[in-house]
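**Q** Before we start, here is the structure in question, set down as structure tokens.
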Amino acid sequence: MKYIYMSIYLGMFISNLIFCFYSKYLLVMLMMLEFMVLNIFFLFNFYLFFNSLTFFFLMIFLIITVCEGVMGVAIMVNMFRMYGMDYFCVFNFLV
């Protein structure tokens with residue numbers, strides 16, 4: 001059980017590290033956000049399973065996660081249509 005939690009925390013650490021250092025591209029940022037959400041889902045799942053609580057909260061969490069993913073993909077498609085790329089360093093969003 002200790003190794004399960006350790007692997008989930010390691011996944012969170014790696015996804016946070018990649019999110020911070022490779023934040024030039026929107027697609028990589030969206031993938032790392034989804035990986036973080038997946039790790040949080042596993043943490044909630046193990047917590048609820050070992051404390052024998054209800055899993056209703058997990059369904060709401062997954063619905064919100066899907067909505068977040070759909071909005072991120074919609075923003076990325078919009079950026080592809082407007083600019084032709086998802087490279088953040090060449091954009092000036094203040095104008």
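Read-outs throughout are calculated quantities, based only on the coordinates presented, and are distinct from any laboratory measurement. Since the structure is predicted, the reported quantities are computational estimates derived from the model, not experimental observations. Ideal geometry is used to build each Cβ from the backbone, glycine not excepted, and the neighbour counts take in all protein chains shown.
**Q** Let me know the shape class of segment 1-50, please: from the alpha-carbon gyration tensor, a ≥ b ≥ c as square roots of the eigenvalues, rounded when a/c is under 1.5, otherwise prolate if a/b is greater than b/c, or oblate. Kindly include the intermediate steps, with their values, before the conclusion.
**A** Values: a/c = 4.99, a/b = 2.15, b/c = 2.32.
The shape class here is oblate.
**Q** Points 7 angstrom from Cα along the Cβ direction at Asn45 and Tyr87: gap in nanometres?
**A** 3.8 nm
**Q** Please list 35-44, 6-15 highest first by mean number of surrounding beta-carbon atoms within 10 Å per residue. Present the calculation step by step, with values, prior to reporting the outcome.
**A** On the way: 35-44: 16.4, 6-15: 14.0.
So the peptides 35-44, 6-15, ranked by packing, come out 35-44, 6-15.
**Q** Continuing with this model, one more query. Would you mind listing how long the chain runs along its three principal axes, going by Cα atoms, in whole Å with the largest first?
**A** The Cα atoms of the chain stretch 51, 26, 19 Å along their principal axes.
**Q** For the peptides 68-75, 51-58, what is the packing order when you average, over each peptide's residues, the other Cβ atoms within 10 Å and list the highest mean first?
**A** For the peptides 68-75, 51-58, the packing ranking is 68-75, 51-58.
**Q** Just to confirm the number: angle between the C-alpha axis of helix 26-50 and the first principal axis of the chain, 0 to 90 degrees, nearest 10?
**A** Orientation of helix 26-50: about 10 degrees from the principal axis.
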